[in-house]
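Reviewing the structure listed below.
The values are calculated or read from the model by the stated rules, or taken from the named source; none is laboratory data. Predicted model, so just to flag it, every value in this text is computed and none were measured. So basically every Cβ, Gly included, is an ideal-geometry build from the backbone, and we count neighbours across all protein chains shown.
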Amino acid sequence: MNACLDGLGHKKSLSCETTQATFQRGEPMRTWKIFSLGLFAALWAACGSGAIYVELECKDDSGCPSEQSCVHYRCVLDKTVTVTTCEKNDDCPGDDICEGGKCTRLQCKDDGDCSDGICEGNKCVAPKCDASNPCAEGACEGGRCETKCDAERKCPGDEVCSKGVCKPITCTPTCSRAQACVSAGDLENPAKGKCVDVVCDNVCDSVTERCVSANNPDNRLEGECRPQCTILSGSTPNLCNPMTGVVTDVGICVSIGIQGTPQDGTCEVVKCAATCKARTEVCMSAGKPNSPTEGRCMPTECNGGAGCAKTHACVTAYNLSNPILGTCQLVKCEAGGNSLCNAHTEACVFNSAATDPIVGKCTRVECDDCEMRTHACVVDPGATDPLEGQCLAVTCAPNCGGSQTCVLNNPVATNPRNGVCRDDCDMSEADVCPAAHACTSLKADDPDLGTCEPE
């Protein structure tokens, strides 16, 4: 390979005697750094006197010369060379910036750097509007919904009037959370911003609190005191106490974004768009790096995820170090201290549809093979499953006569074991029962034996 050509076969724009070279790849011309003086000699013979090595931009290894690899969007000889952590912008390659202790690549500085889309927050994103997707308010200018402005038509508090349209003030690199991006006073580019420290009305505790932006669009410099915390490497998530006074609030340590101290953070409340179920769900961070306080409702966990018995609800234990940790609590089915369930045939079990998880529902127990009307399915105090009943014979007092059978007295009897004596009958014979009675089988599949039951 000719060392005077870049990885795409383009000729370098300056001669081999120069110490810098420019490279164009569908982007504005930019100056690339010399990779190393050691390579200077290695490439001298390939390109004649004064040959240099130019660091190339890439997306994967295919965009680099055969002897190089693509590492952090740069072609390098040693694939082990990479930058994952940083304290300041100078620790990162190229035009990358240090955000939250990690090198972040700026995809763009303005719309011209994006081949398809617009530049927002130094990232290329899809246009916000076009002919088929008009703006709800304002006019579509270059893929953005922009509000016209002049001396009389003012812009919202977080925007400035630039050449007749309202534009958001932007700062590059991004300000820390202890700063606000305000207009730099550039008459040629009013939307150009600068980072200024926010101000808290109350004096924050120098040991336990930090003054960070209150995110007030009407007063960008307004700050608020938030609990200070430290982001621990390898700990996911970094939970903390947001000190809101609400026991259900879960906090996560969010980096302030100050260069040199990426571990410094403040404890912020995780918020869920949906309302989590009281006591059985907790709003936990969804784990989005760019939106750490965005949450999702997660169920509490009891007994290592095995859950609770049917007669208990798994409710939050209010454990700050493990918010989804739950505890099993007995549910109740009562009114005025009195049970609403039939003590003989029903059990009070967890009701997933209840607003209060401790309010259970009365559910009838079930028995296997308890079809004879001479037996009743009743609560089994010794059963592991509270809904598993036992099949016991019904009793009649006094005892039934010789031509009678003691059968269920449903739905009259509260206790189904309190039976009633009925006259026996033969299902194969007609008109064997007195008026207003019918011969009813003792069992569904028994075609012969029955008792005379009131119609």
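Points worth noting:
- Flag if ALA444 is in contact (Cβ under 8 Å) with a residue 12 or more places away in the chain and either crowded, with 16+ Cβ neighbours inside 10 Å or part of a loop (DSSP other than H, G, I, E, B) (or both): yes
- In the range 336-365, the residues that are of a type in the set (A, V, I, L, M, F, W, C), free of Cβ contacts under 8 Å to residues at least 40 places away in the same chain and outside any strand (DSSP E or B): LEU340, CYS341, ALA343, ALA353, ALA354, VAL365
- Evaluating VAL160 against the criteria (1) touching a Ser or Thr at 6+ places or on another chain (Cβ under 6 Å); (2) closer than 25 Å to ASP96 by Cβ leaves one unmet condition, (2).
- When the range 375-408 is filtered for residues that are surrounded by fewer than 16 Cβ atoms within 10 Å (Cβ to Cβ) and either more than 29 Å from LYS332 (Cβ to Cβ) or more than 54 Å from the chain's Cα centre (by Cα) (or both), the ones remaining, listed by number, are ALA393, THR395, ALA397, PRO398, ASN399, GLY401, GLY402, SER403.
- Exclusive hit being in a strand (DSSP E or B), surrounded by fewer than 18 Cβ atoms within 10 Å (Cβ to Cβ) and either in contact with a Pro (Cβ under 7 Å, 6 or more places away or on another chain) or not hydroxyl-bearing (Ser, Thr, Tyr) (or both), set MET298, MET284, MET243: MET298
- Only residues that are out of contact with any Cys (no Cβ under 9 Å at 6 or more places or on another chain) and closer than 16 Å to PRO217 by Cα were counted across the range 129-157, and they come to 1.
- Every residue from the range 189-212 that is surrounded by 11 or more Cβ atoms within 10 Å (Cβ to Cβ) and of a type in the set (A, V, I, L, M, F, W, C): ALA191, CYS195, VAL196, VAL198, VAL199, CYS200, CYS204, CYS211, VAL212
Let's see how each residue does on (1) in contact (Cβ under 8 Å) with a residue 40 or more places away in the chain; (2) part of a loop (DSSP other than H, G, I, E, B); (3) closer than 18 Å to ILE324 by Cα; (4) among the aromatic types (Phe, Trp, Tyr):
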position: CYS204; (1), (2), (3), (4): no, yes, no, no
position: PRO217; (1), (2), (3), (4): yes, yes, no, no
position: ASP249; (1), (2), (3), (4): no, yes, yes, no
position: GLY260; (1), (2), (3), (4): yes, yes, no, no
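- The range 375-418, residues that are assigned to a strand (DSSP E or B) and of a type in the set (Ser, Thr, Tyr): THR395, THR405
- Within the set THR395, THR384, the sole residue that is of a type in the set (S, T, N, Q) and more than 30 Å from CYS308 (Cα to Cα) turns out to be THR395.
- Across the range 172-197, the qualifying residues are those that are without any contact (Cβ under 8 Å) to a residue 12 or more places away in the chain and small (Gly, Ala, Ser), and the one among them that is farthest from LYS154 (Cα to Cα) is ALA184.
- Test result for CYS225, part of a strand (DSSP E or B) and either touching a Gly at 6+ places or on another chain (Cβ under 7 Å) or among the hydroxyl-bearing types (Ser, Thr, Tyr) (or both): no
- CYS333 being touching a residue at least 12 places away in the same chain (Cβ under 8 Å), in contact with a Leu (Cβ under 6 Å, 6 or more places away or on another chain) and under 30 Å from CYS391 (Cβ atoms): yes
- Of the criteria (1) exposed (fewer than 13 other Cβ atoms within 10 Å of the Cβ); (2) closer than 30 Å to LYS277 by Cβ; (3) of a type in the set (A, V, I, L, M), which one VAL365 fails: (1)
- Any hit, the range 270-280, residues being more than 30 Å from PHE350 (Cα to Cα), surrounded by 19 or more Cβ atoms within 10 Å (Cβ to Cβ) and without any contact (Cβ under 8 Å) to a residue 40 or more places away in the chain: no
- Apart from one condition, GLY157 fits all of (1) part of a strand (DSSP E or B); (2) more than 29 Å from the chain's Cα centre (by Cα); the exception is (1).
- Check on CYS175, part of a loop (DSSP other than H, G, I, E, B), over 25 Å from the mean Cα position of the chain (by Cα) and modelled with pLDDT of 90 or more: yes
- LEU77 being surrounded by 15 or more Cβ atoms within 10 Å (Cβ to Cβ), modelled with pLDDT under 80 and in the same structural domain as CYS64 (by TED's automatic domain parsing): yes
- Unique match (being among the acidic types (Asp, Glu), at pLDDT 85 or above and farther than 22 Å from PRO262 by Cβ) among ASP158, ASP201: ASP201
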